[in-house]
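For reference, the structure is listed below as structure tokens.
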Amino acid sequence: MIVLATSDKGGTGRSVTTSNLAYRRALQGDDVCYLDFDFGSPTAGAVFGIEAAGRGVKTGAGAHSYLLGDVAEPARIDIWRESSWLKKERPPGAGRLVLVAGDEGGGEFQVQPQMIERCQVLLARLTEEFDVILVDLSAGRSYAADIVQGATATIGAGTPVRWLVFHRWTRQHILAAHGLVFGERGIVQNGERLGYTREQMEDSIRFVRTAVQEPDSPQLGLLRPTQASWLHQCHEELLKLAAQRGLGRSMVAGVIPWDPVLQWREQIIRDLDIDSTQIANPETGQAFDDVALHLTRTSH
Amino acid sequence: MDIQPRKEILNLWRAATQYSFADGQWNFGGRAEPNSTGDAEQLVCLLYPATAAGEHLRLETPDVMAKDVVAALEAMGEPFETPERLLNAVSDFMARYSDEDGVPFFHGGSYLQAAEEGDKLTDEQLRVDIVDSMSMSVTLCLSALTFIKEYRGSGRIRASLRQKIGLIELAASRRLTAAMVGLLRSFTVNAFAPGSPAGQVLLRLVSQDGLDEEELIERLHESLAQVRVNLKSAEIGTAGLESLENENHLFECGWSWGIVAGAAAVELDGTVDPEKPDRTEKSQPDGRAIARPNLYFTLTAMEGIADLFSPTTTVSDVLSNIQQTLVQSLRQRYELARQYWATLAAFGRTRSALADIPWQPTYRSQGELPVNDHYYTLQVAGLMIESLAARNSGDPEMDRIADVLAELAIRSRVTRRTGPGEAALAMHVPGLRIRLTETANEESPVVWPVADFSTSLLKRALRLASLADGAKLRKRLLDLVDEIWEHVAGRVIVDGPGVGLWDDPSRTFRSLKSGDLEPSWYYTERVMECLTMAVSVIDRPPVVSGRSIDDAYALYGEADHLYHQQLLNGALNGGSAVRRELEAVGIRIRQARAMVESRPGTAQALLFNVLKRLAELELSRDSQHGTVRS
């Protein structure tokens, strides 16, 4: 399965959430590959704690160079071994967890037909090896997104493609995410142009709400009653807005609560961060686990 | 008020879904084997609050379903699966209670009992259409149609599901039409000579002022003349109208227990709405019930019919043209029955017939206990309350009905402790047992058991509370509601398969043996109706008194005046802290003014605070001169 992670705006926590999903899914036993196609700022290395690829690889063998045709195969990094935050070995029962990083200083580029072809070759190869391939796209409409959507359209029915659209829980983010998916030249329209039906597209797209502070979340326990009451009202209005714009519960893959570790140290949340040091909230880990587990669930 | 309907409905939902939903599907039945009334009740427990309790407890819009609702329905799966699963159950119900040609039926089935203990009813006897089933189906089908309409507009639904929903909608609409036709044909009129036993009971009932019989009869004829005239035009499907021809006879009108023997078929040839196609019901079964109204079935029918012209139904626009025509005919009968019984109930100058507890039925079947006559008082009170609602009656009249309800609560031992072997226990267990009489000369061996005194009482009290205008009457009624609710809530099953559902009367009436702990959907559905009604009691603006509005205006006048004095004195020159304070005070005064009429108490609270803040500003200035006022 190929999972395309995107968002309309920057700062949604798309990369950090997607990385966590990859990590959790691998822990659940699947072989997972993380493909960093956020060419403007390939930061997955940093999130996974891989110093050599903090802002993309410097070797000129990243995903970006591969698409341009500079290398025959992009470099792969074994996250279990290379990450400074993990124990340098694959945990028992876990699947493989591999990063295909971007290039440092990569940047955007024009789409060439060969790139779609190369992308397709890469994805085809990866789907043979891995159960889940998470592709991190940059925020908004990008050439990388066009390339990947084009490449996945012809990859064959045996490999399901899912979209995860990340948005923060605010009015502006909801409207923006709606536009990215349902608007002019949005994901759905692009898909229709590539030969999918509208229903197929809608079935393949799910939203992930990030940094959500639900009115009953523990962090908000310190609010004054008046603030809490107001916040509850705001939350209800956002729920209605989301439902109107096609981002309602039936389209949601998960809700990631606001968490101090995600906020101040964009990193993988390990179980020890929850259980031992207790710097992260258990709800956050649970939310990642749930989304990771349901990634492959067929649509309802 | 102690009832918290949201919490209680959610608890009921949790228990009902945990009981009913297992292995991915809905299972019908409880204490009684599945039957057309009970299964409808079981579904209505979920569907009715979802559509009738305003916006509060919606189930059909999974995108905005509230968190606590989602948690309560956990047993049904993920929120977006709930509506589909519920509709599957509705679909199952529709198929189960239609014959091979798809014609819906309303058989009493396993709810029916043999009059003599030990006897067994034949299949033929069980296959008889009952008004209760028709009425419950009206409620169920309306809820389902409203539900479907909302669900359809709520977002993404697969094409295959959309098609299936269309079929369920068609089946529900068809059943609704059939139920309405059945109700029309169950309405009847029964006339009798003043000198007959029934005539004598009726005359004794209305004889509250010591008039001689001739004058009494004259007055009674006079008060009911209008009803009598209008009844003659209620021809469609009504048997027994010819009995009105003898002008000297007294009469009763209302619903019998089922379709009346000899009731003509109802023609359904209205203009067909292409969007809501109806199939004409060709096969309307012959009636079997005696042409004699029964108070219990009259009220039961009227409750279903009232749903047909409730605001929820009107707004959701789910009825076809044929159904609209049927609603008009049913509504006419509804109004006639209400007017008839309310006239009788209010009869008498010194004391109303209703207050002369208990009410005597004109016919009593063999073995009916006199203590159960209180059921009839309660039913007439219910009809009277609806009649007050229709004409916006004042509090004094409602006060008198509140007296009757309070008295009934005591007599039924709902709000009083019971002694051992008390006769009143029979009102709850086994309750009223109505014989399904077919002809006047022969007692029927079939009984329809009615054991809903406590919930019925609660419902009347809630309904009256929702109408009360005065704070005092409202409080009195809500206190009564709380007392009755304590009794009803005390009867919930706490252990066993039906945990969280009803009914275990042995928990309240200690002298009773603990009975069946499977849920009684009959009783549980009635509890749910009460809770939904409690929603409507709360879901209206608070009762206000003229005096508290006057007080609020006085405070507002003073606060506004002092505020403007401060501004006039140039207090705004006193720096940002003072300016901020005065700005805040100004905003509060405006907010309070907007609330004076609707929430005078809240307005007063805000204004007291404003006055205090204004006083502090003023007094602190005075202390500059060392002359602090005490």
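Every test in (1) closer than 22 Å to B:Ala471 by Cβ; (2) more than 37 Å from the chain's Cα centre (by Cα) is passed by B:Val596 save one, and that test is (2).
Looking at B:Arg507, is it under 25 Å from B:Glu303 (Cβ atoms) and touching a residue at least 12 places away in the same chain (Cβ under 8 Å)? Let's see the steps before the verdict.
Numbers: under 25 Å from B:Glu303 (Cβ atoms): no; touching a residue at least 12 places away in the same chain (Cβ under 8 Å): yes.
Considered against the rule, which asks whether it is under 25 Å from B:Glu303 (Cβ atoms) and touching a residue at least 12 places away in the same chain (Cβ under 8 Å), B:Arg507 comes out as no.
Evaluated against (1) more than 14 Å from chain B (Cβ to nearest Cβ); (2) under 16 Å from the mean Cα position of the chain (by Cα), A:Ile279 falls short on exactly one condition, (2). Taken together, the residues in the stretch A:48-97 that are in contact (Cβ under 8 Å) with a residue 60 or more places away in the chain, out of contact with any Lys or Arg (no Cβ under 6 Å at 6 or more places or on another chain) and within 18 Å of A:Leu126 (Cβ to Cβ) amount to 4. The criterion of being buried (at least 24 other Cβ atoms within 10 Å of the Cβ) and within 14 Å of chain A (Cβ to nearest Cβ) does not hold for B:Leu46.
Taking residues in the stretch A:26-47 that are surrounded by fewer than 24 Cβ atoms within 10 Å (Cβ to Cβ), and partners anywhere that are hydroxyl-bearing (Ser, Thr, Tyr), the pairs with Cβ atoms closer than 7 Å and at least 6 places apart or on different chains are A:Phe39/A:Ser138; A:Gly40/A:Ser138; A:Thr43/A:Ser15.
The residue that is nearest to A:Gly10 (Cα to Cα), counting only those in the stretch A:188-216 that are within 14 Å of another protein chain (Cβ to nearest Cβ) and β-branched (Val, Ile, Thr), is A:Val212. One residue is enough: does the stretch B:134-143 have a residue meeting the conditions part of a helix (DSSP H, G or I), in contact with an Asp or Glu (Cβ under 8 Å, 6 or more places away or on another chain) and within 14 Å of chain A (Cβ to nearest Cβ)? The answer is no; no qualifying residue exists.
Take the residues in the stretch A:217-229 that are exposed (fewer than 13 other Cβ atoms within 10 Å of the Cβ) and either more than 13 Å from A:Trp258 (Cβ to Cβ) or in contact with a Gly (Cβ under 9 Å, 6 or more places away or on another chain) (or both); name whichever of them is farthest from the other protein chains (Cβ to nearest Cβ). Even if it seems obvious, please write down each step before you answer.
First, the residues of the stretch A:217-229 that are exposed (fewer than 13 other Cβ atoms within 10 Å of the Cβ): A:218, A:221-222, A:224-227, A:229.
Within this subset, residues satisfying the condition of being either more than 13 Å from A:Trp258 (Cβ to Cβ) or in contact with a Gly (Cβ under 9 Å, 6 or more places away or on another chain) (or both) are A:221-222, A:224-227, A:229.
On the way: A:Gly221: 16, A:Leu222: 21, A:Arg224: 16, A:Pro225: 15, A:Thr226: 13, A:Gln227: 16, A:Ser229: 15 Å.
Ranking the candidates gives A:Leu222 first.
Tell me, please, whether a residue that is more than 31 Å from the chain's Cα centre (by Cα) and surrounded by fewer than 16 Cβ atoms within 10 Å (Cβ to Cβ) can be found in the stretch B:223-241. Looking through the stretch B:223-241, none of the residues is more than 31 Å from the chain's Cα centre (by Cα) and surrounded by fewer than 16 Cβ atoms within 10 Å (Cβ to Cβ). Scanning the stretch A:59-70 for residues that are touching a helix residue (DSSP H, G or I) at 6+ places or on another chain (Cβ under 9 Å), surrounded by fewer than 24 Cβ atoms within 10 Å (Cβ to Cβ) and closer than 13 Å to A:Val100 by Cα yields a count of 2. Please verify whether the stretch B:154-163 includes one or more residues that are among the basic types (Lys, Arg), within 14 Å of chain A (Cβ to nearest Cβ) and not in a helix (DSSP H, G or I). Yes, there is a match, as at least one residue in the stretch B:154-163 is among the basic types (Lys, Arg), within 14 Å of chain A (Cβ to nearest Cβ) and not in a helix (DSSP H, G or I). Would you confirm whether any residue within the stretch B:80-99 is out of contact with any Lys or Arg (no Cβ under 7 Å at 6 or more places or on another chain), within 14 Å of another protein chain (Cβ to nearest Cβ) and part of a loop (DSSP other than H, G, I, E, B)? The answer is yes, given that some residue of the stretch B:80-99 is out of contact with any Lys or Arg (no Cβ under 7 Å at 6 or more places or on another chain), within 14 Å of another protein chain (Cβ to nearest Cβ) and part of a loop (DSSP other than H, G, I, E, B). A single entry from B:Gly258, B:Gly254 fulfils the requirement of being at pLDDT 95 or above, on the phi > 0 side of the Ramachandran plot and either surrounded by 16 or more Cβ atoms within 10 Å (Cβ to Cβ) or assigned to a strand (DSSP E or B) (or both): B:Gly254.
Suppose the filter is more than 30 Å from B:Tyr19 (Cα to Cα), surrounded by fewer than 18 Cβ atoms within 10 Å (Cβ to Cβ) and not aliphatic (A, V, I, L, M); does B:Pro542 pass it? Can you show your working first?
Numbers: more than 30 Å from B:Tyr19 (Cα to Cα): yes; surrounded by fewer than 18 Cβ atoms within 10 Å (Cβ to Cβ): yes; not aliphatic (A, V, I, L, M): yes.
Yes.
Considering the stretch B:53-74, and only residues there that are buried (at least 17 other Cβ atoms within 10 Å of the Cβ) and more than 19 Å from B:Leu531 (Cα to Cα), the residue that is farthest from the other protein chains (Cβ to nearest Cβ) turns out to be B:Glu60. Considering only the stretch B:284-322, state which residues are aromatic (Phe, Trp, Tyr) and surrounded by fewer than 23 Cβ atoms within 10 Å (Cβ to Cβ). Passing the criteria: only B:Phe309.
The values are calculated or read from the model by the stated rules, or taken from the named source; none is laboratory data. Computed from a predicted model, the values in this text were never measured in an experiment. Virtual Cβ from ideal backbone geometry, glycine too; neighbours counted across all protein chains shown.
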